[in-house]
Amino acid sequence: MRLKSHIFVSALLRRAFALGGYAAVLRKGAEDAGAIFIRQRTRMGTETLFAPAPQNFFEDDADTGRKFETRLKDRDGDAVEDALAREIRFDPDCWIVEIELDDRADLFDVVPDEGKSLS
């Protein structure tokens with residue numbers, strides 16, 4: 001059973017603050033299984049959008065963690081906003097979390113293009 005969305009988001013917020021960054025929930029989704037999108041802002045004014053990784057990135061059914069893929073990297077805020085608006089139209093129960101950190105460290109797992117997990 002996968003960790004519920006609201007618990008994952010709560011832990012993500014706490015960990016971002018512990019790293020000296022800022023984090024906020026911009027849109028609250030379904031508490032149990034809502035898709036989570038993470039909007040990372042940097043001091044340089046660029047943003048990166050992380051979206052839930054497709055199921056084929058999970059090694060087996062016992063893998064209950066959440067993994068993300070980089071949907072947009074180092075883009076302006078308008079591009080990220082447009083992408084999120086499309087996601088909301090597709091899935092109104094999604095979460096949108098904003099973090100302000102230059103280095104996300106190991107806050108969440110991001111899969112590279114080859115499909116192997118990176119922290």
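When you scan the range 51-66, do you find a residue that is out of contact with any Gly (no Cβ under 9 Å at 6 or more places or on another chain), farther than 16 Å from residue 13 by Cβ and at pLDDT 95 or above, even just one?
yes
When the range 97-108 is examined, which residues are found to be open to solvent by less than 10 Å² (accessible area, probe 1.4 Å) and modelled with pLDDT of 95 or more?
Those that are open to solvent by less than 10 Å² (accessible area, probe 1.4 Å) and modelled with pLDDT of 95 or more: 97, 99.
The values are calculated or read from the model by the stated rules, or taken from the named source; none is laboratory data. Given the structure is predicted, the values throughout are model-derived calculations rather than measurements. Neighbour counts are summed over all protein chains in view; Cβ atoms, including those assigned to glycine, are modelled from backbone coordinates with ideal geometry. Please note that ligands, DNA and RNA were not included when accessible areas were found on the heavy atoms of the full protein model with its side chains. Shrake-Rupley method; radii C 1.70, N 1.55, O 1.52, S 1.80 Å.
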